[in-house]
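The values are calculated or read from the model by the stated rules, or taken from the named source; none is laboratory data. Keep in mind the model is a prediction, meaning the values are calculated, not measured. Cβ atoms come from the backbone with ideal geometry, glycine included; neighbour counts cover every protein chain shown. With ligands, DNA and RNA removed, areas are computed over all heavy atoms of the protein, side chains included. Shrake-Rupley method; radii C 1.70, N 1.55, O 1.52, S 1.80 Å.
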Amino acid sequence: MFGEGAPALPFSPALELCFSGCTFDCVAHKAADRIRNVALIGHRGCGKTSLFEAMLFEAGAVSRLGTVADGTTVSDHAADERERGISIDAALACFEHGGREINLIDTPGEPSFVADAIASLRVADAAVVVVNAVNGVEVHTERLWRRADAEGLARLVFVNMLDRERADFFAALDSLKAAFGPHVVATEIPVGVEGEVRGVVDLIDERAFFYEGTGPGAAREAEIPEELRERAAEYREKLMDEVAENSDELMERYLDGEQIDHDEIVRALKQGVTAGRIFPVTCGVATRNLGTGRLLEALVEDLPSPAMRGAVPALGAGGEAIEVEPDEEGPLVAYVFKTLADPYTGRVNLFRVLRGALRSDSQAVNVTEGGKERVGQLAQPLGKEMRAVEELGAGDIGAVAKLKQTHAGDVLCAAVEEIAFAPLQLPNPVMAFAYEPRSKGDEDKAAAAVRRLCEEDPTLDVHRDPQTGEQIIAGLTQVHVEVIVARMKDRFGVEIELHPPRVPYQESICGPASAHARYKKQSGGRGQFADCKIEIEPTEDGIDFEFVNKIKGAAIPGGFIPAVEKGVEEAMAHGTVAGYPVKGVRVRLVDGKHHDVDSSEMAFKIAGAMAFREAMEAADPVLLEPIVRLSVSCPEEVVGDVIGDLNARRGHPLGMEPKGGMTEVRAEVPMAEVLDYAPDLRSISGGRAEYEVEFDRYEQVPAHLSERVAAATT
Ligand SMILES: Nc1nc2c(ncn2[C@@H]2O[C@H](COP(=O)(O)OP(=O)(O)OP(=O)(O)O)[C@@H](O)[C@H]2O)c(=O)[nH]1
Ligand SMILES: [Mg+2]
């Protein structure tokens, strides 16, 4: 098993995890209303990790503001994250601020690592959606917003990078409204533009906050600058319209022109946010710690606690919907949302307690896998640093190392209990490569490393292709697979080489045919004799193979009939067109002969195979290829090039529509034509397009290409 033979360390030296004293009350965290579980989500590179860092700095959880550029952030602590300047794994920081216990999760924005973002949304009660002020809503922002919708999460929006050239808060706000509706409403507007940005105007307090340094709490409060008053009033009115909608009474008074006092506005806004009816938009510059303290305040004040969120949906014994109340006194239910595989100590699991409490040095039952787990020291992470805690109660999030068999997606309970959570809706791993270890003899080592990395990542698939015999590693994108290959080398010391996989062609027949085969051998002693006559025809859709015995009387004794079927099946493994498996054939065994002495199972198997091959030749055999549905999300100006390229790949366009500031082009394309699509799309779109592939069906290969495939395999 994982971690066996590992040094007896609590956590990995590779991750430099360490324990320090528990900084806050280690006694039971029976305070589901003090906790805030919040995930930062957004398109890649919008500044989540920088914002995460700034919030930790504001809260005093770290004493200096780390930067992505220097590789000094709490969140992106893995070597490859620092090297590539992107987040790969979700990172958790548990810290205290304003009397609240905050469990903040930084998620990767790169679509290759979306599994962590999706899993993090499952355990959060709310999300901060980060948007780049230059680009506004991007494709992945929209996808993640929908995920947060599906999980029923409250949301705040932070428009980041106000200091960048061409940053436009108001355009970003418009794109948010266009994508997510009118309930997305600004509670702040910036003071100054691009490099000149100096602060923000609070539309509720009607005050301005200026930032001169990057130190925590560095804002200076002042009057709204003269030149911004009109705009501030305009946006305050929009905010008030939205807030008033939260209560009939408030709306009536508001429409009557009555003054709504500050506290009432704050209360109504909070109610709207908690209920997921209003999505306030704030703004700032994460790297300058501008506006981030205010976001932290909003997070503490406006976002719901686990207690406020209440029961979470789960699945009972027969898959029926049940609810899990965040009852701190009830029996334990904890959900593991992230597993970090580590070459030294095995797994570190991040989990959320949904009911009851999990204690250090206790036992739990993994009800998903079945089996008991000895639970060691619990911890609250701050990135890679682990602070020991004795207990984590309902609503809380933490980490535990060295569980024997538990990994992401599993549920831990106090005792055996029929409970599960709906599986996460993850994209399929479509970017497949055949792989082999660079050094011969490293096969087992490579397989073990791949297995461990798969435990960490549910969107990674590793298998042996039964058709081609190749070892296949499949991920969401080329970047995804490249990161995995690099991790195999860095963490497990094994190098593999990738090749495009072979296309899993199939063969079939177009019409009926029959064949008569006789296998006869007489070479002294006992001979071999079998004779069979079969008819074949195409099956209806979805039936790969059917064998019907139509033998009347004892032309072939019943005992030999399974042998004929076996022979047919063996012949079907390598069709007559190009040696690929044959599917969609019904075989009827209609007649035959046997010999009392010379007939054997072996002889009938051979005769069955001979008959099938002969019948197939006569039945209009064809080569079939997998067709995939491709959906490309690209900027409008490259749509023409993308479609032109897909046409050249034998693709059929299915349609296109605008989505999140991009255009989504959908098409059907033969898989053989898009095995190496990623680099080509990257060059067509200047790296601004993304795509997804989904298997759809098999279709006949055009005759001239079929000959080429046959020539390549024979
Ligand atoms: N000018 C400016 N740069 C920023 C700001 N926020 C982040 N950056 C820079 O933008 C780049 C990406 O920032 P990250 O914080 O890594 O973004 P991210 O959203 O965590 O990226 P992924 O996790 O890979 O999706 C880094 O080079 C940051 O220094 C900002 O407010 N202003
Ligand atoms: Mg990041």
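General remarks:
- Test: residue in region 462-479 that is over 47 Å from the mean Cα position of the chain (by Cα), touching a residue at least 24 places away in the same chain (Cβ under 8 Å) and more than 30 Å from residue 338 (Cβ to Cβ): no
Residue by residue, here is whether (1) more than 12 Å from ligand 2 (Cβ to nearest atom); (2) closer than 14 Å to residue 295 by Cβ; (3) at pLDDT 95 or above; (4) buried (at least 24 other Cβ atoms within 10 Å of the Cβ) holds:
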position	(1), (2), (3), (4)
37	yes, no, yes, yes
45	no, no, no, no
52	no, yes, yes, yes
90	no, no, yes, yes
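- Boolean, residue 417 is over 25 Å from the mean Cα position of the chain (by Cα), in contact (Cβ under 8 Å) with a residue 60 or more places away in the chain and assigned to a loop (DSSP other than H, G, I, E, B): yes
- Elements of the type helices (runs of 4 or more DSSP H) sitting completely within region 597-714 and holding at least 3 residues that are open to solvent by 20 Å² or more (accessible area, probe 1.4 Å) and at pLDDT below 95: these cover 677-685, 703-713.
- Unique residue being of a type in the set (D, E, K, R), within 22 Å of residue 314 (Cβ to Cβ) and either in contact (Cβ under 8 Å) with a residue 40 or more places away in the chain or in contact with a strand residue (DSSP E or B) (Cβ under 8 Å, 6 or more places away or on another chain) (or both) when the list is 352, 387: 352
- Of everything listed in (1) within 30 Å of residue 208 (Cβ to Cβ); (2) open to solvent by 10 Å² or more (accessible area, probe 1.4 Å), the single unmet condition for residue 300 is (2).
- Long-range neighbours under 8 Å by Cβ, at least six apart or interchain, first residue under 24 Å from residue 137 (Cβ atoms) and without any contact (Cβ under 8 Å) to a residue 60 or more places away in the chain within region 648-665, second assigned to a helix (DSSP H, G or I) and of a type outside the set (A, V, I, L, M): 658/636; 663/636
Per-residue answers, yes or no, for (1) within 18 Å of residue 129 (Cβ to Cβ); (2) touching an Asp or Glu at 6+ places or on another chain (Cβ under 8 Å); (3) more than 6 Å from ligand 1 (Cβ to nearest atom):
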| site | (1), (2), (3) |
| --- | --- |
| 40 | yes, yes, yes |
| 48 | yes, yes, no |
| 59 | no, yes, yes |
| 64 | no, no, yes |
| 69 | no, no, no |
| 73 | no, yes, yes |
| 80 | no, yes, yes |
| 86 | no, yes, no |
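Yes/no per residue for (1) in contact with a Ser or Thr (Cβ under 6 Å, 6 or more places away or on another chain); (2) surrounded by 24 or more Cβ atoms within 10 Å (Cβ to Cβ); (3) of a type in the set (S, T, N, Q):
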{"site": "61", "(1), (2), (3)": "no, no, no"}
{"site": "79", "(1), (2), (3)": "no, no, no"}
{"site": "120", "(1), (2), (3)": "yes, yes, yes"}
{"site": "124", "(1), (2), (3)": "no, yes, no"}
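- Region 65-88, subset under 17 Å from residue 482 (Cα atoms) and of a type outside the set (Asp, Glu), residue nearest to ligand 2 (Cβ to nearest atom): 87
- Taking region 218-315 as the region of interest, the strands (runs of 3 or more DSSP E) fully inside it that hold 3 or more residues being under 36 Å from the mean Cα position of the chain (by Cα) and either over 25 Å from residue 192 (Cβ atoms) or in contact (Cβ under 8 Å) with a residue 40 or more places away in the chain (or both) are 279-283, 312-315.
- Residue in region 102-138 that is nearest to ligand 2 (Cβ to nearest atom), counting only those that are in contact with a strand residue (DSSP E or B) (Cβ under 8 Å, 6 or more places away or on another chain) and polar (S, T, N, Q): 107
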